[in-house]
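Everything below concerns the one structure shown next.
The values are calculated or read from the model by the stated rules, or taken from the named source; none is laboratory data. Only a predicted model underlies this, so the values are computations on that prediction, with no experimental measurement involved. We place every Cβ from the backbone using ideal geometry, glycine too, and count neighbours over all the protein chains shown. What goes into the accessible areas is simple: the full protein's heavy atoms, side chains included, and nothing from ligands, DNA or RNA. Shrake-Rupley method; radii C 1.70, N 1.55, O 1.52, S 1.80 Å.
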Amino acid sequence: PLGATEPHNLHLPYGTDTFQVEAVGLRACKMATQQGSRVVLLPAIPYGTETNQMKFPLAMNLNPSTLGRVITDLVESLETHGIRKLLLLNGHGGNDLKWLLRELHLKTLVRLFLCSWFKVAADGYSTIFEKKDDHAGEMETSMGLAHFPELVNLDQADAGEVRPTRFEAVNRGWVEITRPWHLLTTNSGSGDPRAATAAKGEAVTQMVCERIASFLVELARSPVDPEFPF
């Protein structure tokens with residue numbers, strides 16, 4: 001599991017991404033184990049890439065190259081111990097790691113897969129949540145209420161409004177940038193969290209974990225042969 005240490009509006013803890021991905025990883029692995037698969041959940045990495053949130057106090061940054069080096073070292077450790085299949089379970093939007101899979105493709109015997117858990121059930125969000133959000137909104141707040149409610153103070157939440165850039169191409173998604181979050185948001189939240197409930201968090205968790213567990217079962221059963229993964 002790959003998390004982060006960063007602000008999440010004014011009502012969620014800095015460890016939100018890590019707490020969420022740990023909860024998802026634990027349940028998914030338990031489900032896969034109950035279906036007879038041999039899987040191992042490693043400890044979460046609690047830091048991620050925060051270059052665009054560094055104007056907020058105590059956002060803890062690992063540059064992409066640094067995070068890549070940490071993961072590479074861990075992959076080498078797993079290879080030494082005979083592990084040949086690994087899922088990187090990402091819980092932070094700033095951890096863009098597809099480049100690392102390409103870089104390691106010819107350098108390790110470990111077959112790498114990457115899953116950002118929050119994308120797994122995106123097709124079902126409209127049936128669970130009232131509004132779209134990006135960061136510390138209804139979805140993540142619902143996850144907090146479901147999995148670490150003692151760390152959620154919803155009465156302190158900012159409304160999560162965001163500013164458009166001056167460029168229409170950026171606003172439409174035709175051109176990508178690294179968004180400076182202190183200019184994009186008021187208090188690091190993108191999306192109104194006030195409709196969040198623990199029941200919504202449990203619903204999305206179950207959907208996500210069922211799908212990830214199904215993949216883990218398939219992955220565990222699949223031999224690493226010359227045609228893998230085809």
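Tabulated values for the structure
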item: Filter result (touching a strand residue (DSSP E or B) at 6+ places or on another chain (Cβ under 9 Å), open to solvent by 10 Å² or more (accessible area, probe 1.4 Å) and in a helix (DSSP H, G or I)) within region 61-71; result: VAL70
item: Qualifying residue in region 38-54 (condition: surrounded by 20 or more Cβ atoms within 10 Å (Cβ to Cβ) and over 20 Å from LEU114 (Cβ atoms)); result: yes
item: Subset of region 77-113 that is open to solvent by less than 60 Å² (accessible area, probe 1.4 Å) and assigned to a strand (DSSP E or B) - its residue that is farthest from PRO13 (Cα to Cα); result: LYS85
item: Selected residue (criterion: modelled with the lowest pLDDT) from residues of region 187-230 that are within 28 Å of GLU140 (Cβ to Cβ) and of a type in the set (Lys, Arg); result: ARG194
item: Exclusive hit being part of a helix (DSSP H, G or I) and surrounded by fewer than 19 Cβ atoms within 10 Å (Cβ to Cβ), set LEU58, LEU74; result: LEU74
item: Residue within region 162-180 that is in a helix (DSSP H, G or I), open to solvent by 50 Å² or more (accessible area, probe 1.4 Å) and of a type in the set (Asp, Glu) present; result: yes
item: SER37 being out of contact with any Leu (no Cβ under 7 Å at 6 or more places or on another chain) and either hydroxyl-bearing (Ser, Thr, Tyr) or free of Cβ contacts under 8 Å to residues at least 24 places away in the same chain (or both); result: no
item: Residue count, region 114-137 (criterion: more than 24 Å from ILE177 (Cα to Cα), open to solvent by 80 Å² or more (accessible area, probe 1.4 Å) and part of a helix (DSSP H, G or I)); result: 3
